[in-house]
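The values are calculated or read from the model by the stated rules, or taken from the named source; none is laboratory data. The structure displayed is predicted, hence computed values, not measured ones. When we count neighbours, we look across all protein chains shown, and the Cβ atoms used for this are built from the backbone with ideal geometry, even at glycine.
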Amino acid sequence: MKLSELTGDAVSPDPDIKGLTADSRAVTDGFLFAALPGVNADGAKFIPQAEENGAVAVLAGPGAVSSLPIVTDAEPRKRLAQMAARFYPRQPQVIAGITGTNGKTSTARFAAQLWSRLGRASGSLGTLGAQGASYARKLAHTTPEPVTLHETLQQMTDSGVDYLAMEVSSHALAQHRADGVRFKLAAFTNITQDHLDYHAGFDDYFAAKALLFEMLPKDGVAVVNMDGEGAEEIAALARRRGLRLITTGAKGKDVTIIAAAPQAGGLKLTIAAQGARMDVDAPLIGAFQAENAALAIGLVMATGAGAQDVIPHLATIEGAPGRMQLVGQVQGAGVFVDYAHTPDAVATALRAIRPHAADRVIAIIGAGGDRDRAKRPLMGAAARENADAVIVTDDNPRTENPAAIRRKIIESCPEAAEIGDRAEAIAAGVAMLKDGDVLLILGKGHETGQVVGDETLPFDDAEVASRALANRIKELGR
């Protein structure tokens, strides 16, 4: 592709562009190098390295200098997203963007499954990677950088995906990563404290989430979980823009949760939509999953499906890995793993698991290093208020002192046991279990690594818990 085609402007000289990257180390012959401003370094510093590696053009902010043809833009991140969309032009015909603090992954997975049950070729993209019937790709971020994102969208389209449910993070929205995506639908789950290490404050964080609804075309559809914090503001934004609005949840008018009763193996749901009232047993643990399911129903209905065709399929839906995932049982006690890593998510998960416990709820929590420090005591408070016993352990301490992170959590949960080694903490939690108890291991969910310093060590909560359960069962059998 010529540089002029990529930029949409007449340029001279006009080299052929064979690839795009914002990583000077990944530049090879024929590439355009995007010199983006970063948190720790300005990409313009790496232009000489990109030139040496074979770059034939550069995208940068004003003032950057290169011996190569250079495209300057006051918003180089946004320009890169537009270029990536031109370089990889094929996208699924229907893309639903899902944003919010909690529930994005589950909502995306549910929507993709519901479309699939209706015979529509579907996929999901987000924290768990990109997945379709005949496509799978691991991703480093919930919403990847623009080049990887658009390459993935094109590959998914070529694999046959027509309907895509895509998680859109606040980082991605603030950094214009998704600006080239042709969204037709946007869904909102909720807004609670998170990522304030990146955003200037809560209002800035919320404003980033709201950008997704500003990006929708005039004929787009906004689907809002009215039970989530921030829902009224997002619904008002959609109305101001004249978008079609579908509201869901117990407070929703279009897909209304009448009841969500916990039962063995899941939830008994009563949902009203399009004048019909339907009961369905969904194999989902945690009453909050009803909100995610209703939001997914709203997305699928927005694409023309009837409620009476969609809702019965909740009976066969599968929960997302690492989201209230049952690992196993011992002596009538269950062990679950969940990704909750914010104060609100911890509280929500513990409240949701309570009806499934005949006796105690035991929680294992931690907090990530080099991330929002203000939420640590709040997470301790959430655990103290909603669990009968708490173990505080490490959860991706990164470059911080793990003991210092644990201390901040324990400030608000002084009765908690402190076991820094996560495997030992999980083993201790399993050892505590008695008939009727539930152990909920929070924070990592689907993750398969523990980040310590600059190194990612293999660690999977579900695998570690499974081994601890096997050892406990073996001991009981002696």
Mind telling me which of the residues Arg86, Arg77 ends up being in contact (Cβ under 8 Å) with a residue 60 or more places away in the chain, buried (at least 20 other Cβ atoms within 10 Å of the Cβ), closer than 30 Å to Ala222 by Cβ and among the basic types (Lys, Arg)?
Arg77
How many residues, within the stretch 96-129, are of a type in the set (A, V, I, L, M) and either surrounded by fewer than 22 Cβ atoms within 10 Å (Cβ to Cβ) or in contact with a Pro (Cβ under 9 Å, 6 or more places away or on another chain) (or both)?
4
In this structure, does Ile353 turn out to be closer than 24 Å to Asn471 by Cβ, modelled with pLDDT of 90 or more and in a strand (DSSP E or B)?
no
Filtered residues of the stretch 231-283 (kept if closer than 16 Å to Leu299 by Cβ and of a type in the set (Asp, Glu)):
Asp254
Looking at the stretch 130-161 only, could you name the residues that are of a type outside the set (A, V, I, L, M), in contact (Cβ under 8 Å) with a residue 60 or more places away in the chain and either surrounded by fewer than 17 Cβ atoms within 10 Å (Cβ to Cβ) or over 23 Å from Ala305 (Cβ atoms) (or both)?
Glu145, Pro146, His150, Glu151, Gln154, Asp158
Test of understanding: among Val451, Val390, which residue is in contact (Cβ under 8 Å) with a residue 24 or more places away in the chain and under 23 Å from the mean Cα position of the chain (by Cα)?
Val451
Anything in the stretch 302-320 that is within 13 Å of Phe110 (Cβ to Cβ) and surrounded by 15 or more Cβ atoms within 10 Å (Cβ to Cβ)? List them, or say none.
Val310, Ile311, His313, Leu314, Ile317, Gly319, Ala320
Go through the stretch 436-448 and give me each residue that's in contact (Cβ under 8 Å) with a residue 24 or more places away in the chain and part of a loop (DSSP other than H, G, I, E, B).
Gly436, Asp437, Gly443, Lys444, Gly445, His446, Glu447
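Every residue, every condition in (1) in contact with a helix residue (DSSP H, G or I) (Cβ under 9 Å, 6 or more places away or on another chain); (2) outside the structural domain of Arg376 (by TED's automatic domain parsing); (3) part of a strand (DSSP E or B), yes or no:
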residue	(1), (2), (3)
Gly252	yes, yes, no
Asp281	yes, yes, yes
Gln329	yes, no, yes
Gly334	yes, no, yes
Which listed residue is under 24 Å from Lys434 (Cβ atoms), crowded, with 21+ Cβ neighbours inside 10 Å, modelled with pLDDT under 95 and among the hydrophobic types (A, V, I, L, M, F, W, C), from Ala345, Ala340, Ala383:
Ala340
Asp370 - would you say it is touching a Lys or Arg at 6+ places or on another chain (Cβ under 8 Å) and surrounded by fewer than 18 Cβ atoms within 10 Å (Cβ to Cβ)?
yes
Any chance Arg376 is in contact with a helix residue (DSSP H, G or I) (Cβ under 8 Å, 6 or more places away or on another chain), within 28 Å of Gly126 (Cα to Cα) and not in a strand (DSSP E or B)
yes
Note: among Ser24, Ser12, Ser67, just one is farther than 20 Å from Gln82 by Cβ and touching a strand residue (DSSP E or B) at 6+ places or on another chain (Cβ under 8 Å), namely Ser24
Test for Ala55: is it in a loop (DSSP other than H, G, I, E, B), in contact with a helix residue (DSSP H, G or I) (Cβ under 9 Å, 6 or more places away or on another chain), outside the structural domain of Val161 (by TED's automatic domain parsing) and small (Gly, Ala, Ser)
yes
